[in-house]
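Student: Mind having a look at this structure? Questions to follow.
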Amino acid sequence: MQSDAELVKACLNGEREAFAELVKRYEHPVRAVALDVLRDYHSAADVSQDAFVRSYKNLPELRKADAFGPWLMKITRRCALDAAQRGLRETALDSATNVTAESKDGQLDEYKQRLLGAVVKLPEGEKQVVMLRYFGGHSVKDVAEIVGRSVGTVTKQLSRAHRRLRNLLKESER
Amino acid sequence: MTSEEPIEERLENLGRAIGSGESIVDDVMGRIEVSSVAEYERRKKSKAELIERRFIMSRFTKLAAAAVIIIAVMLLINFLDKSAPSAYAIEQTIEAFKNVRFLHLVRRDEIGQVEDERWIELGLHGRQVKYRQDTPPAFLAVEDGKTTAVYHKDKNTVVLWSNREKQYQWVGDLGVFLENLRQDGKIIEENADYQGQVAHRVLWPMMNAECYVDTETKLPIAVGSTELSYEQPPFGTFEITIPEGFAVVDKRPGAAATDEPDWLNDLQVADKYFHQARYALVSGDYEKAAELFEYVVEKHPRRNWALFWLGKTYYELGEYDLAIEKLSKVLDMMGSQPYGHYARGLAYAQKGLEDEAKQDFEEALPWMIRALREPMGAAMFEYADDPRLREGRYRPTEEQILARMINRLRLATGQDFGYDSDASTEENENAIAGWEEWYETGGEIKFTPDAELLPVPEASEEAEK
């Protein structure tokens with residue numbers, strides 16, 4: 001599996017399929033970040049598209065190719081906050097009718113929303129591996145290759161993230 | 001999903017919920033395709049229009065064609081002239097600055113949005129005469145030469161100060177920075193590429209950054225992540241106006257006494273505390289420093305240096321969780337800064353979080369290693385460690401910076417290549433080469449709190465003001 005850095009370099013060399021691969025890899029993590037801000041599937045799906053298009057246009061500005069994941073998350077968060085300010089939901093409901101909602105009103109249940117809120121609070125490195133592992137559905141080995149770290153490091157990061165999430169959830173449930 | 005389920009299971013459930021629905025890959029790629037085609041068509045069209053206009057506008061096509069050929073030849077000569085390596089000297093930049101009247105500075109975030117924009121009018125000897133700083137969303141200050149207006153947008157209030165009493169700046173005294181460029185600046189690469197433009201890449205130590213110098217004007221077009229240009233500002237840039245609905249608090253001498261809002265009083269107290277807190281930190285009174293810095297950041301949440309030194313203070317107090325929290329916030333606000341990563345790396349290391357510490361140290365290491373050859377380039381590490389630099393009350397020498405950088409490296413990595421300020425130049429050269437080789441070959445990083453540290457040379461009387 002190619003690392004993010006390799007795919008970014010390929011994109012910058014004009015290989016558009018490499019960007020499609022990055023979209024596949026990050027579409028669920030990106031949706032998760034948007035969902036955390038907007039709390040609505042439809043709007044999150046629209047914002048996810050905006051975030052990818054914006055990151056594609058700004059790819060030459062990315063200083064470190066291996067920082068693509070965290071950089072994309074920041075762009076997504078910014079797009080989501082902009083959308084929240086614009087009150088995107090009104091228009092999104094008309095335009096995105098094919099997005100499956102978790103529940104009838106297109107929102108996560110309380111437990112999931114709280115867990116998602118805790119995930120986005122994780123330190124950058126841990127957040128990226130958690131999102132790739134659980135939201136992107138990648139194996140630990142694949143995650144290691146994507147982020148360019150060893151399997152051992154990723155395993156440790158995941159285990160620390162689990163511990164941290166348990167604590168964050170405990171705090172929020174108090 | 002319940003709180004009793006193992007966290008892995010809960011994450012998997014959440015992942016399934018987020019992943020439900022159609023993939024957006026095709027939509028995204030379609031939008032990229034459309035925007036790329038539209039951009040291509042737009043460029044093609046404007047190029048075609050330009051050519052068409054040239055021919056339609058001139059009734060003397062032959063004459064125009066001749067003119068086009070002449071222009072093309074001139075452009076070619078110009079191009080050949082520019083593409084040949086030019087003999088650039090830093091002195092040319094110092095000289096070019098003498099003719100600068102306006103500075104326009106823009107800093108953008110990762111996605112190109114303006115984070116901070118400043119205009120500066122320079123007077124005699126490069127002194128700042130007028131100033132405007134717009135840091136959205138909250139901060140705006142305008143100085144017209146006599147009055148400094150600070151716009152507190154969240155309070156719908158403008159506070160007017162005498163310019164002598166309150167002044168904002170970009171880098172302080174530009175003359176000092178130019179002198180530093182003249183003395184310690186280094187040309188790294190001539191005719192380098194800067195965002196598609198040919199520019200000379202220069203290390204400007206006091207800026208703690210590389211800058212790109214325009215090959216023609218010899219003026220910097222970028223310093224670190226700040227873009228520079230020198231055009232005349234739009235009309236009214238330095239004019240102080242009061243927006244509708246804003247209250248005015250006039251603090252200038254001679255102004256009629258008015259009741260000051262409590263929040264303004266708090267801000268002034270915070271300014272005073274910021275000064276006291278820095279001295280408490282330097283003199284080792286960490287409890288007091290923490291208390292004062294906490295007050296400052298509560299009143300000025302975006303004062304990044306107060307937050308940074310608060311993080312450092314907590315580190316000194318052994319409150320590593322708080323140190324990590326504050327330093328992480330600073331890194332979020334200021335973007336990736338090597339001295340910030342180094343400081344947070346130490347806190348992670350003290351907590352036993354080796355991976356996090358290593359990641360932070362790896363961010364800082366390129367700068368730390370480079371500083372062994374260019375100590376003045378590490379000025380921001382010094383500033384981060386000693387806030388006295390802020391008021392120019394202390395100026396470290398190259399030897400001091402180098403010794404402290406070696407100590408930071410020994411502490412963070414556990415490596416020691418035998419550098420010693422009493423050793424011969426050759427031995428120390430070997431030690432520096434050892435560090436460089438260790439770094440280039442991805443050597444081991446091991447936090448070593450009991451590493452043997454070099455004695456830092458005493459400051460000379462001249463350096464300690």
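The values are calculated or read from the model by the stated rules, or taken from the named source; none is laboratory data. Everything quoted here is computed from the prediction, not taken from an experiment. In this analysis, Cβ positions are derived from the backbone assuming ideal geometry, glycine residues included, and neighbour counts consider all displayed protein chains. Ligands, DNA and RNA are stripped out before the accessible areas are found, and what is left, the full protein with its side chains, is counted by its heavy atoms. Shrake-Rupley method; radii C 1.70, N 1.55, O 1.52, S 1.80 Å.
Student: On a 1.4 Å probe surface of the protein chains, which of A:S43, B:S328, B:S336 comes out largest in accessible area, and what is the full order?
Tutor: Putting A:S43, B:S328, B:S336 in descending order of accessible area: B:S336, B:S328, A:S43.
Student: Would you list B:I90, B:I187, B:I240 from the most to the least accessible area, probe 1.4 Å?
Tutor: The most accessible residue leads, giving B:I187, B:I240, B:I90.
Student: Tell me, which residues of the range A:16-57 get at least 50 Å² less accessible area when the other protein chains come in, versus the chain alone (1.4 Å probe)?
Tutor: Going by heavy-atom accessible area, the residues of the range A:16-57 that drop by at least 50 Å² are A:R16, A:E27, A:R31, A:Q49, A:V53.
Student: Would you check the accessible area of B:K299, probe 1.4 Å, heavy atoms only, in square angstrom rounded to 10?
Tutor: 60 Å²
Student: Please report the accessible area of A:K112 (heavy atoms, 1.4 Å probe, ligands and nucleic acids excluded) in Å², nearest 10.
Tutor: Using a 1.4 Å probe on the heavy atoms, I get roughly 20 Å².
Student: With the convex hull built on the Cα atoms of the range B:262-463, state its orientation-averaged projected area in nm².
Tutor: 11.6 nm²
Student: Please report, in debye to the nearest 20, how large the charge dipole of the range B:93-224 is about its Cα centre when each Lys and Arg carries +1 at its beta carbon and each Asp and Glu carries -1 there.
Tutor: So the magnitude is around 600 debye.
Student: May I pose another question? Across every pair of different alpha-carbon atoms, what Kirkwood hydrodynamic radius in Å does the range B:90-229 reach?
Tutor: Evaluated on the range B:90-229, it is 16.2 Å.
Student: Considering only protein heavy atoms, what is the solvent-accessible area of B:I188 at a probe of 1.4 Å, reported in Å² to the nearest 10?
Tutor: Roll a 1.4 Å probe over it and B:I188 shows about 70 Å².
Student: Hey, can you list the residues from the range A:131-147 whose accessible area shrinks by 40 Å² or more with all protein chains present, relative to the chain by itself (probe 1.4 Å, no ligands or nucleic acids)?
Tutor: Flagged in the range A:131-147: A:Y134, A:F135.
Student: Assuming R0 = 51 Å, can you tell me the calculated FRET efficiency for the pair B:T441 and B:H275, based on Cβ-Cβ distance, to the nearest 0.05?
Tutor: 0.65
Student: Just to check I understand the Karplus step: with θ = phi - 60° and J = 6.51 cos²θ - 1.76 cosθ + 1.60, what whole-Hz values come out for the range B:140-155, glycine and proline as x?
Tutor: 8, 9, 10, 10, 9, x, 10, 10, 10, 9, 10, 8, 9, 5, 5, 10
Student: If you don't mind, another one. Given H placed on each backbone N at 1.01 Å, which residues far from B:Y194 in sequence or on other chains put an amide H within less than 5 Å of it?
Tutor: Amide H neighbours of B:Y194: B:A199.
Student: Buried accessible area between B and A (1.4 Å probe, both chains summed, ligands and nucleic acids excluded), in Å² to the nearest 100?
Tutor: 4300 Å²
Student: Under Stokes-Einstein, with the Kirkwood radius over Cα pairs standing in for Rh, what whole-number D in µm²/s applies to the range B:264-326 at 10 °C and 1.306 mPa s?
Tutor: 142 µm²/s
Student: Could you give each residue of the range B:186-191 its phi-based ³J(HN,Hα) in whole Hz, using Karplus coefficients 6.51, -1.76, 1.60 with θ = phi - 60°, and x for Gly or Pro?
Tutor: Values per residue, Gly and Pro as x: 9, 7, 8, 8, 8, 6 Hz.
Student: For A:Q2, what residues show an amide H to amide H distance below 5 Å, using hydrogens built from the backbone and excluding near sequence neighbours?
Tutor: Residues meeting the criterion, in which the H sits 1.01 Å from N, do not exist here.
Student: Please compute the average number of Cβ atoms from other chains found within 10 Å of each residue's Cβ in peptide A:110-116.
Tutor: If you average over the peptide's residues, the count of other-chain Cβ atoms is 5.
Student: Taking R0 as 22 Å, what FRET efficiency do you get between B:Q167 and B:V248 from their Cβ-Cβ distance, rounded to the nearest 0.05?
Tutor: Working from the Cβ atoms, E equals 0.70.
Student: Enter the Cα centre distance for the pair the range A:1-78 and the range B:299-347, rounded to the nearest angstrom.
Tutor: After rounding, the separation between the Cα centres reads 28 Å.
Student: Run the dipole for the range B:262-463 about the Cα centre, Lys and Arg Cβ at +1, Asp and Glu Cβ at -1, nothing else charged, and hand back the magnitude in debye, nearest 20.
Tutor: Once rounded to the nearest 20, the dipole reads 860 debye.
Student: Ordered by residue, what ³J(HN,Hα) values in Hz, to whole numbers, does the range B:245-256 give under the Karplus form 6.51 cos²θ - 1.76 cosθ + 1.60, where θ = phi - 60° and Gly and Pro are x?
Tutor: x, 8, 7, 10, 10, 9, 9, 6, x, x, 6, 4
Student: Explain nothing, just the number: relative contact order of the range B:262-463, from Cα pairs under 8 Å at least 6 residues apart, as a whole percent.
Tutor: Over the range B:262-463, the number comes to 15 percent.
Student: Shielding by partners for B:28-34, please: the mean number of other protein chain Cβ atoms within 10 Å of each residue's Cβ.
Tutor: For this peptide, the per-residue mean of nearby foreign Cβ atoms is 6.
Student: How many percent of the accessible area of the range B:141-247 is carbon or sulfur, using a 1.4 Å probe?
Tutor: 46 percent
Student: Follow-up. Over the range B:90-229, give the accessible area per residue in Å² for a 1.4 Å probe, as an integer.
Tutor: Accessible area per residue, the range B:90-229: 47 Å².
Student: Ranked from highest to lowest mean number of other Cβ atoms within 10 Å per residue, what is the order of the peptides B:444-454, A:28-38?
Tutor: Descending packing order for the listed peptides: A:28-38, B:444-454.
Student: Across peptide B:7-13, how many C-beta atoms of other chains are within 10 Å of each residue C-beta, on average?
Tutor: Shielding by partners across B:7-13 averages 6.
Student: Hey, can you rank A:144-156, B:300-312 by average C-beta count inside 10 Å, highest first?
Tutor: Per-residue Cβ counts within 10 Å, averaged per peptide and sorted highest first, yield B:300-312, A:144-156.
Student: Could you list, in their original order, any pairs among A:K156/B:K351; B:K98/B:K218; A:K64/B:K218; A:K141/B:K358; A:K156/B:K358 whose Cα atoms are separated by more than 18 Å?
Tutor: With Cα atoms farther than 18 Å apart: A:K64/B:K218; A:K141/B:K358.
Student: Oh, and also: How do B:T93, B:T241 rank by accessible surface area computed with a 1.4 Å probe, from largest to smallest?
Tutor: Of B:T93, B:T241, the descending order of accessible area is B:T241, B:T93.
Student: Next question, about the same structure. Collect residues whose amide H, placed 1.01 Å from N in the peptide plane, falls under 5 Å from the amide H of B:T147; neighbours closer than 5 in sequence don't count.
Tutor: B:N163
Student: Let me ask another. If you place +1 on the Cβ of every Lys and Arg, -1 on the Cβ of every Asp and Glu, and leave all else neutral, what size is the dipole of chain A about its Cα centre, to the nearest 20 Debye?
Tutor: Computed charge dipole of chain A: roughly 780 debye.
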